[in-house]
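We did not get these values from a lab; they are worked out from the coordinates using the rules stated. Fair warning: this is a prediction, and the values are worked out from it, not measured in the lab. We place every Cβ from the backbone using ideal geometry, glycine too, and count neighbours over all the protein chains shown.
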Amino acid sequence: MRYRLILLSGAALFAATTASAQTAVADQATVQLETVVVTADFRATNIQNLPLAVSSVSATDLQQQNINTASKIQNVVPGLKILEVGAQPGIFIRGVGSVVANVLNDPAAAYNVDGVAVSRPIGMNGLFFDLDRVEVVKGPQGTLYGRNATVGAINVISKNPTFDFGGSAGVTLGDFNLLRLEGVVNIPVNETLAFRAGFQREKRDPYLTSGSDDADNVGVRVKGIYKPNEDLTVLVTGSYYNAQGAGVGDVPLKSPTGDFLFPSDPWRVDEGPSLLNGGTRVPRDAWQDLTTRGLSAQIDWRLGFAKLTLIPAFLGAKYDALTYSGGFRQRVTSKADQKSLEARLASSEPAFGRLEWTLGALYLLDQQVSRNDQKTQIPTRSIQVLDPLDLRSWALYGQGVWSANDRLRFTLGLRYSRDKKTMRGTTTSVSDVPGDPVLSQYANIGDAQWESTDYRVGVDYDLAPDSLLYANISSGYKAGGFFVGRAPNTYEPETMTSYQVGSKNRFFDRRFQLNLEAWYWDYRNFQVSQFGFVNGVTPRQSPANIAFMTVNAPKAKNWGLEVQSAWMITPHDRLSVQLQYNVARYVEFTQAAFAPTNVPAANYAGEDLTRAPMWSGNLGYSHSFELPNDARVVASLSQQFESHSYIVLQRIPGRLKSGFATTDFDVTYHAPEDRWQISIYGNNLENEPVLLFAGNTPAGLWGHARAPRNFGVTLRAQF
């Protein structure tokens, strides 16, 4: 088998490397951890000087960990979980987030690409190539990022053009007939104008025997930079992404235990009668056609006292698919267009020698049209049309950092947000027999507007040149919205207040790093998505009148401790340990019984939130073997682990997902001057069927599992 050849090749490479590795060791005093610069607060800042919990994954780490989609970031960032549910994954940070199962749900984490706020990150797994870094900011970012950033933010930053000619090309071959091609070229036209273009083409057989969880996509990004002088920079970015194949798929789970139907092969789903006839076999005719396009600019103009930044952007997405997500046969079409303009003014030098300030404004218009023709195991179909579903969002914000002296600083931030949503459309239930006789029909109408004022108050103090102590109190706001049906069909905004205390440190000549943060999040109107009966339809308790809707839990809370450490043991050895302890619970929430999904009435006060493990973490070790002529081999081993957590809201026996640990490895040979590299990698060596998502639907209990064990080889070259 291919993976055995890869393992043998890796063993041979290790043996050859060990035999010829140089034994000279550099002066230990010169060994230091690298300086990491992030822009999470809209300024280029050393991550160790930023009084926030931020994880940064560099371009080197992305390649070394074989991360080529957004969902794989969770493998290296503790407390982050990205669920692949249709075209728009759900983001969870520290056990809290949103399952964005349809166009009516909003994310709980802000997702930004090259400085552009993405209202709905449709197709966020695309365009994950030629990146400079990925930043994950943990905790509410209501001041700088605004709406739908209650749990944090993810910033994806691609590489900018430079004024040197160069480029790279790569090919990856792996299990499941994986073929991935990628290439980048950087072309300077003259001293003021340069372009950079990159692409990625990926094709892979499905992980599931139903034909789903495959890959057939292509992405292209082109960036141009114009810099006529030191004061003005204009950066323009255009992107295109298309994904076809069958798309993301689910596996049926045993009810009520939540076990896989085939424990020895959890990715096997094509047995028995069709789910359309009351069985669990998923038909093999699923398909998707997802296209996203983007055009944006970032204009930076130094005015002397401040820098003015303008970011106009357009994002468009079209999604056409036949899926069986959650055991439903769904024929989905949707179109979304987003237009936005953000303006920022940031001080160049501290005012009065002490105050760094940032002022900004944002306008965003998100317009959507969707149609979902859904069939369950019962002999009915539900046809949901939303035309239009519009969002208009306005915001004004400001943040200042006052340096009382060289060691003590105070932060104050404030943001005003106003969101207006409009929904029109119809939902029609028909009998799935010739002629499609109508069982019921109702209008989907919604008009609502919400306002929020969010803040951040913080203090940080330099205990020593490489030790920072900080404390923050901040708030976050997640917009309200609609579900289908007659009024009342709205849910309220989710708000939260966060209390955070942390410390960032480097010891032993900056060879050892230890960062700590403790937090307490206090939620009001916590949003929970579930199936329910539609309002205003007769007969109401009919299988034809079921919809996925969001309700508000009056109170919830989350507290915990995160530890991030890194140790440069020698010039060639690096060890990292990241650990998170997290408790996320409902304080006040009562759910009514819902017979179609076997949900009993229950009071969930004191119960854990779903997908919120108490313990999670990452371990990583890498060693660089130095070879003659400045060649080297870098071998890395990493492990991700979690304790148990509930996969669905209902506390039915068996719904507690067991903990897991998965291990990845990478061995890369770097030719002299890094002209080319060849890598051998393996993911999920334990072949652990990690259940990322599960849901109770009228069609039973269904879930989505992470990829099985897989191996591959990557060859890259630079020019």
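May I ask you to derive the FRET efficiency for residue 264 and residue 575 from their Cβ-Cβ distance with R0 = 30 Å, giving the value to the nearest 0.05? Don't skip to the answer; put the middle values down first.
Details: r = 35 Å, r/R0 = 1.18.
So the FRET efficiency works out to roughly 0.25.
Using a Förster radius of 30 Å, what is the FRET efficiency between residue 406 and residue 656 based on their Cβ-Cβ separation? Nearest 0.05, please.
Numbers: r = 51 Å, r/R0 = 1.71.
In this case the efficiency is close to 0.05.
How many percent of the alpha carbon pairs in region 454-564 exceed a separation of 21 Å? Before the final figure, lay out each step's value.
Working: 3454 of 6105 pairs.
For region 454-564, the share of Cα pairs beyond 21 Å comes to 57 percent.
Hey, what's the Kirkwood Rh for region 611-694 if you take every pair of different alpha carbons, in angstrom?
On the way: mean 1/r = 0.0653 Å⁻¹.
This gives a value of 15.3 Å.
To the nearest 20 Debye, how big is the dipole of region 2-718 about its Cα centre, given +1 on the beta carbon of each Lys and Arg and -1 on that of each Asp and Glu? Could the numbers behind the result be given before it?
Details: 66 positive and 67 negative charges, 257 e Å.
In total the dipole reaches around 1240 debye.
With a sphere of radius 10 Å drawn around the Cβ of residue 396, what net charge do the other residues whose Cβ falls strictly inside it have (Lys, Arg +1; Asp, Glu -1)?
The answer is +2.
For an R0 of 45 angstrom, estimate the FRET efficiency from the Cβ-Cβ distance between residue 414 and residue 337 and round to the nearest 0.05. Intermediate values should be presented prior to the final figure.
Values: r = 31 Å, r/R0 = 0.68.
In this case the efficiency is close to 0.90.
Label points 7 Å out from Cα along the Cβ direction at residue 433 and residue 234: separation in nm?
About 6.6 nm separates the two model spin labels.
Please quote Rg/Rh for region 92-203 to two decimal places, taking the Kirkwood radius as Rh and restricting both calculations to Cα atoms. List each step's numbers first, then the result.
Working: Rg = 17.4 Å, Rh = 16.4 Å.
Rounded to two decimals, Rg/Rh equals 1.06.
Kindly give the semi-axes, whole Å and largest first, of the ellipsoid equivalent to region 404-489, taking each as the square root of 5 times a Cα gyration tensor eigenvalue. Walk me through the numbers before you get to the answer.
Working: eigenvalues 577, 46, 10 Å².
Over the Cα atoms of region 404-489, the semi-axes work out to 54, 15, 7 Å.
Residues of region 556-577 with amide nitrogen under 18 Å from the 7 Å Cα-to-Cβ point of residue 466?
Under cut-off, by backbone N: 564-577.
What does the charge add up to near residue 230, with Lys and Arg as +1, Asp and Glu as -1, over the other residues with Cβ less than 13 Å from its Cβ? Write down the numbers at each step before the final one.
Values: positive: 227, 302, 307; negative: 191, 231, 300.
After counting each charged neighbour, the total is 0.
Rounded to whole Å and sorted largest first, what semi-axes of the equivalent ellipsoid does the C-alpha gyration tensor of the chain yield via the square root of 5 times each eigenvalue?
Values: eigenvalues 320, 204, 131 Å².
Three semi-axes, in Å: 40, 32, 26.
Please report, for the Cα atoms of region 217-292, the Rg to one decimal and the Dmax as a whole number; what are they, in angstrom?
Final numbers for Rg and Dmax: 22.8, 68 Å.
For residue 348 paired with residue 396, estimate the spin-label separation in nm (one decimal), with each label point 7 Å from Cα along the Cα-to-Cβ line.
Roughly 2.6 nm, to one decimal.
Let me know the longest stretch in the chain that avoids all GluC sites (Glu not before Pro) found in a DSSP loop with at most 11 other C-beta atoms within 10 Å.
It works out to 231-719.
In a shell of Cβ-Cβ distance under 14 Å around residue 323, excluding residue 323 itself, what net charge do Lys and Arg (+1) and Asp and Glu (-1) give? Provide the component values of the computation, followed by the final result.
Details: positive: 284, 329, 331, 371, 375; negative: 84, 213, 214, 250, 285, 289, 320, 373.
Net of charged neighbours comes to -3.
Out of region 462-511, which trypsin sites (Lys or Arg not before Pro) are coil in DSSP terms and have no more than 13 other C-beta atoms within 10 Å? Write out the running numbers ahead of the final one.
Details: sites: 478, 486, 504, 506, 510, 511; in loops: 486, 510, 511.
Sites meeting the loop and neighbour criteria: 486.
Can you compute the equivalent ellipsoid semi-axes for region 578-719, i.e. the square root of 5 times each eigenvalue of the Cα gyration tensor, sorted largest first and rounded to whole Å? Walk me through the numbers on the way to the answer.
Details: eigenvalues 399, 54, 23 Å².
In descending order the semi-axes read 45, 16, 11 Å.
Take the Cα radius of gyration of region 43-138 and divide it by 2.2 N^0.38 Å, with N its residue count; two decimals is plenty.
Working: Rg = 13.3 Å, N = 96, 2.2 N^0.38 = 12.5 Å.
Normalised by 2.2 N^0.38 Å, the Cα Rg of region 43-138 equals 1.07.
What angle do you read, to the nearest 10 degrees and between 0 and 90, between the alpha-carbon axis of helix 2-20 and the longest principal axis of the chain?
20 degrees
P(r) of region 657-719 in 5 Å steps, Cα pairs, percent per bin?
4, 15, 17, 13, 12, 10, 10, 7, 5, 3, 2, 1
Just want to confirm a number: the relative contact order over the chain, from Cα pairs under 8 angstrom separated by 6+ residues, in percent. Don't skip to the answer; put the middle values down first.
On the way: 2091 pairs, mean separation 82.9, N = 719.
Relative CO of the chain lands at 12 percent.
Along the Cα→Cβ direction, 7 angstrom out, place labels at residue 518 and residue 190. What is the inter-label distance in nm?
Going from the residue 518 label point to the residue 190 one covers 6.1 nm.
Add -39500 (n - 2.57) for each DSSP H run of 4 or more in the chain, then divide by its residues: what number comes out at 222 nm, to the nearest 500 deg cm²/dmol? Display every interim value, and only then the final one.
Working: 2 runs with 25 residues, N = 719.
Estimated from H runs of four or more residues: -1000 deg cm²/dmol.
What are the trypsin sites (Lys or Arg not before Pro) within region 295-389 that DSSP puts in a loop, where the Cβ has at most 16 other Cβ atoms within 10 Å?
Details: sites: 302, 307, 318, 329, 331, 335, 339, 344, 354, 371, 375, 381; in loops: 354.
Of the trypsin sites (Lys or Arg not before Pro), the ones in loops of region 295-389 whose Cβ has at most 16 other Cβ atoms within 10 Å are 354.
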